[in-house]
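The values are calculated or read from the model by the stated rules, or taken from the named source; none is laboratory data. The structure presented is a predicted model; accordingly, all values stated were derived computationally and were not measured. Counting neighbours? That spans all protein chains shown, and the Cβs are built from the backbone with ideal geometry, glycine included.
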Amino acid sequence: GNSVTQMEGPVTLSEEAFLTINCTYTATGYPSLFWYVQYPGEGLQLLLKATKADDKGSNKGFEATYRKETTSFHLEKGSVQVSDSAVYFCALKMDSNYQLIWGAGTKLIIKP
Amino acid sequence: DVKVTQSSRYLVKRTGEKVFLECVQDMDHENMFWYRQDPGLGLRLIYFSYDVKMKEKGDIPEGYSVSREKKERFSLILESASTNQTSMYLCASSLEGIFYGYTFGSGTRLTVV
């Protein structure tokens with residue numbers, strides 16, 4: 001079946017460090033890929049997306065590239081801030097149904 | 001911007017009560033979803049709806065029902081609240097199609113005592 005695997009957290013970094021959160025997927029077909037962010041006590045917000053191979057999604061300094069050959073969609077940011085502390089979810093969507101398939105989420109903690 | 005509004009941020013109910021969680025979206029989205037989120041268990045789909053009066057069970061529908069009488073409103077009903085239904089409840093909506101993600105509400109933290 002279709003699935004998403006994220007690196008386990010928490011990931012703890014110092015401010016201005018480089019961030020990578022790994023996400024790989026298994027899918028029968030060509031999904032769209034998404035990253036969501038959830039700040040403490042809030043709902044999830046769409047961070048970025050990519051809908052075909054080699055597309056790069058970007059927003060708020062975050063980037064992720066849809067890599068079909070490695071079935072990956074890793075989230076990166078060049079210099080993190082304390083305000084980036086949140087839980088990050090990777091997800092995929094197939095054209096065969098209505099639902100997003102979610103990764104388990106990765107908690108990111110940024111220390112000043 | 002699309003807005004998804006959940007009627008309460010925090011709710012405390014007693015065991016055995018019937019509980020209604022309301023969700024309204026303002027951008028004519030076809031699909032609506034209810035999730036619960038618990039530490040260590042990720043996001044679990046309770047019910048979803050792809051059209052007015054249509055509903056489909058998700059992964060954990062037991063103890064819940066839903067109602068979608070109008071396109072913009074999707075209600076989650078706890079028929080007889082129990083303490084194991086204490087959780088964060090998240091509503092979401094989306095357009096139909098592979099390119100569209102979900103827009104989430106701010107969540108309702110429900111405590112059943």
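Against the condition within 19 Å of B:Gln37 (Cβ to Cβ) and away from every other protein chain (no Cβ under 14 Å), how does B:Leu90 come out, does it pass?
No: the conditions fail for B:Leu90.
Regarding the stretch B:35-49, can at least one residue be identified that is of a type outside the set (S, T, N, Q), away from chain A (no Cβ under 13 Å) and farther than 17 Å from A:Ala91 by Cβ? I'd like the intermediate steps shown before the answer.
Taking the stretch B:35-49 as the starting set, the residues that turn out to be of a type outside the set (S, T, N, Q) are B:35-36, B:38-48.
So of that shortlist, the ones also away from chain A (no Cβ under 13 Å) come out as none.
No, every residue in the stretch B:35-49 fails to be of a type outside the set (S, T, N, Q), away from chain A (no Cβ under 13 Å) and farther than 17 Å from A:Ala91 by Cβ.
Taking B:Glu96 and the conditions (1) surrounded by 16 or more Cβ atoms within 10 Å (Cβ to Cβ); (2) at the interface with chain A (Cβ under 8 Å from one of its Cβ atoms); (3) not hydrophobic (A, V, I, L, M, F, W, C), which numbered condition does it fall short on, given that it satisfies the others?
(1)
Results for (1) under 23 Å from B:Arg44 (Cα atoms); (2) part of a strand (DSSP E or B); (3) aromatic (Phe, Trp, Tyr), shown as yes or no for each residue.
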| site | (1), (2), (3) |
| --- | --- |
| A:Lys49 | yes, yes, no |
| A:Asp54 | no, no, no |
| A:Ala64 | no, yes, no |
| A:Glu69 | no, no, no |
| A:Phe89 | yes, yes, yes |
| A:Leu108 | yes, yes, no |
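Counting only residues that are within 26 Å of A:Lys107 (Cα to Cα) and away from chain A (no Cβ under 11 Å), which one in the stretch B:58-87 is surrounded by the fewest Cβ atoms within 10 Å (Cβ to Cβ)?
Among them, the one singled out is B:Asn84.
Output the number of residues of the stretch B:28-57 satisfying the condition of being closer than 26 Å to A:Pro40 by Cα and surrounded by fewer than 18 Cβ atoms within 10 Å (Cβ to Cβ).
6
So which residues in the stretch B:1-30 are at pLDDT below 95 and among the polar types (S, T, N, Q), if there are any at all?
Once the filter is applied, which keeps residues that are at pLDDT below 95 and among the polar types (S, T, N, Q), the stretch B:1-30 yields B:Ser7, B:Ser8.
Within the stretch A:66-80, does at least one residue satisfy the condition of being surrounded by fewer than 21 Cβ atoms within 10 Å (Cβ to Cβ), of a type in the set (D, E, K, R), within 14 Å of chain B (Cβ to nearest Cβ) and closer than 28 Å to A:Glu16 by Cα?
no
Consider A:Leu33 carefully, then state whether it is surrounded by fewer than 21 Cβ atoms within 10 Å (Cβ to Cβ) and aliphatic (A, V, I, L, M).
no
Go through A:Ala17, A:Ala27 for me and flag whichever is small (Gly, Ala, Ser) and under 28 Å from B:Trp34 (Cα atoms).
Step by step, each of A:Ala17, A:Ala27 is checked, and only A:Ala27 is small (Gly, Ala, Ser) and under 28 Å from B:Trp34 (Cα atoms).
Here are the criteria: (1) more than 10 Å from chain B (Cβ to nearest Cβ); (2) touching a residue at least 12 places away in the same chain (Cβ under 8 Å); (3) of a type in the set (Ser, Thr, Tyr). Tell me which single one A:Ser58 does not satisfy.
Among (1) more than 10 Å from chain B (Cβ to nearest Cβ); (2) touching a residue at least 12 places away in the same chain (Cβ under 8 Å); (3) of a type in the set (Ser, Thr, Tyr), the lone unmet condition for A:Ser58 is (2).
Please tell me if A:Ala27 is among the aliphatic types (A, V, I, L, M) and touching a strand residue (DSSP E or B) at 6+ places or on another chain (Cβ under 7 Å).
Yes: the conditions hold for A:Ala27.
Looking only at the stretch B:9-23, count how many residues are crowded, with 16+ Cβ neighbours inside 10 Å and within 14 Å of chain A (Cβ to nearest Cβ).
2
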